[in-house]
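Just below is one structure, and these are the notes that go with it.
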Amino acid sequence: MVGFPLLLIPLAVYNIIVFLMPTVSLTETLVKVPLVTSGAEWPVALSDILLALAILMLLLEVIKGARPGAKFLTDHLLSLIVFGAAAAEFLLWPRFANSTYFLLTLLALVDFLTSVALRVRRTPAVAGVSRATRRAAPEVIYEPVDSRDSRAGAVPSANESVSPAAAPSAPAFTHPETPAVAPAPEHHAEAKPAGAPLPPEAH
């Protein structure tokens, strides 16, 4: 959001008085404020009121510029335009060539320089915070993985042949209700003593 240049308010009031109310004197005393302590009377003119208003607007501008992210490039450009217009009126128009308007122009210049100084000072601070954040973050180290180790736990593809020795043997499962069948005994020829008669051949 673009901020409104508050120093434009007292400058605009001065222009209204000069162009629309030429009979009004800026140096004429409006009120007299009695001071209780000293007993004197303080004469207050219209020019004094404009300068006090400009100082308050400058204070608000400094507070706005001190907030993080409050001042953008457009705000600086607007402050510069206000100062340039005030300086041009002070130099070109005879009715603006007085101390009151000079002080108003000076306050506009202070507003522009203060906003720029705050922005320049804030930029290294933000950069330092970002560097500290990156330094505090844990560093992740990626170690290279050996191809042989990765292939040791990899599942063989369909094109690769698995040797019988390397293939794990499947466990044999038996149904619990099926009794185990003992292997049939092998028939071995009985050994006969030497010289025993041979059995007669069947005719």
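Brief remarks on what is shown
- Residue among Leu26, Leu46, Leu35 that is without any contact (Cβ under 8 Å) to a residue 60 or more places away in the chain and in contact with a Leu (Cβ under 6 Å, 6 or more places away or on another chain): Leu46
- Check on Asp75, within 47 Å of the chain's Cα centre (by Cα), more than 22 Å from Phe112 (Cβ to Cβ) and of a type in the set (Asp, Glu): no
- Filter result (surrounded by fewer than 10 Cβ atoms within 10 Å (Cβ to Cβ) and assigned to a helix (DSSP H, G or I)) within segment 17-50: Leu20
- The single condition among (1) within 14 Å of Leu104 (Cα to Cα); (2) of a type in the set (Ser, Thr, Tyr); (3) not in a helix (DSSP H, G or I) that Tyr14 does not meet is (3).
Every read-out reported here was derived from the displayed coordinates using simple, explicitly stated rules and does not represent laboratory data. Predicted model, so just to flag it, every value in this text is computed and none were measured. In this analysis, Cβ positions are derived from the backbone assuming ideal geometry, glycine residues included, and neighbour counts consider all displayed protein chains.
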